[in-house]
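The values are calculated or read from the model by the stated rules, or taken from the named source; none is laboratory data. Owing to the predicted nature of the structure, the values given are computational and were not obtained by experimental measurement. Neighbour counts run over all protein chains shown; Cβ positions are idealised from the backbone, glycine included. These area figures cover heavy atoms from the full protein model, side chains too; ligands, DNA and RNA do not enter into them. Shrake-Rupley method; radii C 1.70, N 1.55, O 1.52, S 1.80 Å.
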Amino acid sequence: MKRALVCGAGGFIGGHLVKKLRGAGYWVRGVDIKSHEWSPHAADEFKHLDLRIEENCRQALTVEGGPFDEVYQLAADMGGMGFIHSAETEIMHNSALINIYMTDLAAKMGVPRYFFSSSVCVYRDMKHGEPEMSEDQAIPAHPDNEYGWEKLYSERVAMAYERRYGMQVRIARFQNCYGPEGTWQGGREKAPAAMCRKIAQIEDGGTIEVWGDGSAVRSYTYVSDMVDGIYLLMHSDLHGAANIGCPQYVSVDELANAVAKVAGKTIKIKHVSGPVGVQSRNFSNDRIASLGWQAKVFLEEGIKQTYPWIEKQAKARLVNGK
Ligand code: NAD
């Protein structure tokens, strides 16, 4: 039986990845600084460890009959724009430490395959209508936030260790990911979850606030497509970073209206000032598509899976007063 370590297993994508790997027959150890809120027992074994500490990374990687066959590194100090723009130093400090120690020890302890979760935040801002950017166009680099710079640095750390130690490194640059069991409140949630929550909390005909003028363009990738992409990439020979994202691009206002449609509510949008991030995104998925990956769940279908889950959480919060 193959054994996998998932770092960040208490989080959104890590939690779904644990289930995917177990479904594929793996023995899985999950590691995180916190438990998974909704699926705390998904992994065969779960360790609470702060991966900013080198000794804890060693503990995470140590397993009887080791090393692990595969290590998936998804732990990060992470959130949507609200978090990213206000927590620059935490991101640069915490996520960099996690990646430095995890990559160094995994390579030295003989892990044969290592996955690193990067982000399309490594790319520069784009104008509306610009042609697709491919992975190599991330350099020369000009990410618009420190989260992107940290990812770029950690990608390079992983590639350096691949060159020196021969550990096979696979790097995915995720587009925005959404789905059930993701952060939906508290300031770290991303736009799709925030829209679902806001619309769940208003009456039909009510108003929601949207940061910026609503024209910023993004694509949103449903979590099952994301973990399928991670799995496929990890088991491929594809060196260097690969974008994983749904090719459907929408503005923030279109996202809000897509959620309202699924909710069966008419909404008014009030644009307010707030952190927006880049104006536009448009990336090539040719590399990941070369492995046979394609997005299966487009926005409306993905929101149909996500909205009822967030609506249920929001109602439960009202009842419990939390
Ligand atoms: P998440 O916040 O739900 O999961 C990250 C997990 O890392 C959390 O459970 C958190 O507790 C854990 N963590 C943070 N600091 C830690 C520490 N010191 N020690 C141990 N664990 C720690 O985020 P996610 O959406 O599941 O993202 C997973 C990965 O994918 C992250 O690396 C993120 O940067 C990347 N990513 C996500 C998206 C997205 O849209 N969700 C987009 C691009 C990249």
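Check off (1) away from the ligand (no atom under 13 Å from the Cβ); (2) under 19 Å from the mean Cα position of the chain (by Cα) for G11 and give me the number that stays unchecked.
Unmet condition: (1).
With the condition kept exactly as written, say whether any residue in the stretch 37-47 is touching a Phe, Trp or Tyr at 6+ places or on another chain (Cβ under 7 Å) and open to solvent by less than 20 Å² (accessible area, probe 1.4 Å).
So far as the stretch 37-47 goes, no, none of its residues is touching a Phe, Trp or Tyr at 6+ places or on another chain (Cβ under 7 Å) and open to solvent by less than 20 Å² (accessible area, probe 1.4 Å).
Does Y123 qualify as being among the hydroxyl-bearing types (S, T, Y), out of contact with any Leu (no Cβ under 8 Å at 6 or more places or on another chain) and open to solvent by less than 20 Å² (accessible area, probe 1.4 Å)?
The answer is yes for Y123.
Taking the stretch 58-85, which residues are among the small types (G, A, S) and without any contact (Cβ under 8 Å) to a residue 12 or more places away in the chain?
Within the stretch 58-85, just G65 meets the criteria.
Among what's in the stretch 288-322 and is of a type in the set (S, T, Y) and open to solvent by less than 80 Å² (accessible area, probe 1.4 Å), pick the residue that is nearest to the chain's Cα centre (by Cα).
Only one residue fits best here, namely T306.
Got a sec? Which of S86, S95 is within 9 Å of the ligand (Cβ to nearest atom), of a type in the set (S, T, N, Q), on the phi < 0 side of the Ramachandran plot and not assigned by TED's automatic domain parsing to the domain that holds V252?
It is S95.
Pairs only if they're at least six apart or on different chains, beta carbon under 9 angstrom, first in the stretch 207-236 and within 16 Å of the ligand (Cβ to nearest atom), second at pLDDT 95 or above and among the acidic types (D, E); list them, first residue then second.
V217/E254; Y222/E301; V223/E181; M234/E70
For the stretch 265-278, state whether one or more residues are assigned to a loop (DSSP other than H, G, I, E, B), under 30 Å from M159 (Cα atoms) and open to solvent by 50 Å² or more (accessible area, probe 1.4 Å).
Among the residues of the stretch 265-278, not one is assigned to a loop (DSSP other than H, G, I, E, B), under 30 Å from M159 (Cα atoms) and open to solvent by 50 Å² or more (accessible area, probe 1.4 Å), which makes the answer no.
Find the residue count for the stretch 192-210, including only residues that are over 16 Å from W309 (Cβ atoms) and open to solvent by less than 40 Å² (accessible area, probe 1.4 Å).
Total meeting the criteria: 5.
Which residue, of R163, R173, is closer than 28 Å to K2 by Cβ, outside any loop (DSSP other than H, G, I, E, B) and away from the ligand (no atom under 16 Å from the Cβ)? It would help to see each step written out before you state the result.
Numbers: R173 fails: away from the ligand (no atom under 16 Å from the Cβ).
From the options R163, R173, the qualifying one is R163.
Collect the residues in the stretch 211-257 that are more than 19 Å from the chain's Cα centre (by Cα), open to solvent by less than 20 Å² (accessible area, probe 1.4 Å) and hydrophobic (A, V, I, L, M, F, W, C), keeping them in residue-number order.
Passing the criteria: A216, A256.
Which of (1) within 27 Å of P40 (Cα to Cα); (2) touching a residue at least 12 places away in the same chain (Cβ under 8 Å) does G186 not meet, given it meets every other one?
Of everything listed in (1) within 27 Å of P40 (Cα to Cα); (2) touching a residue at least 12 places away in the same chain (Cβ under 8 Å), G186 misses just condition (2).
Collect the residues in the stretch 104-127 that are more than 12 Å from the ligand (Cβ to nearest atom), touching a residue at least 60 places away in the same chain (Cβ under 8 Å) and part of a helix (DSSP H, G or I), keeping them in residue-number order.
If the condition is that a residue be more than 12 Å from the ligand (Cβ to nearest atom), touching a residue at least 60 places away in the same chain (Cβ under 8 Å) and part of a helix (DSSP H, G or I), then A106, A107 are the ones that fit.
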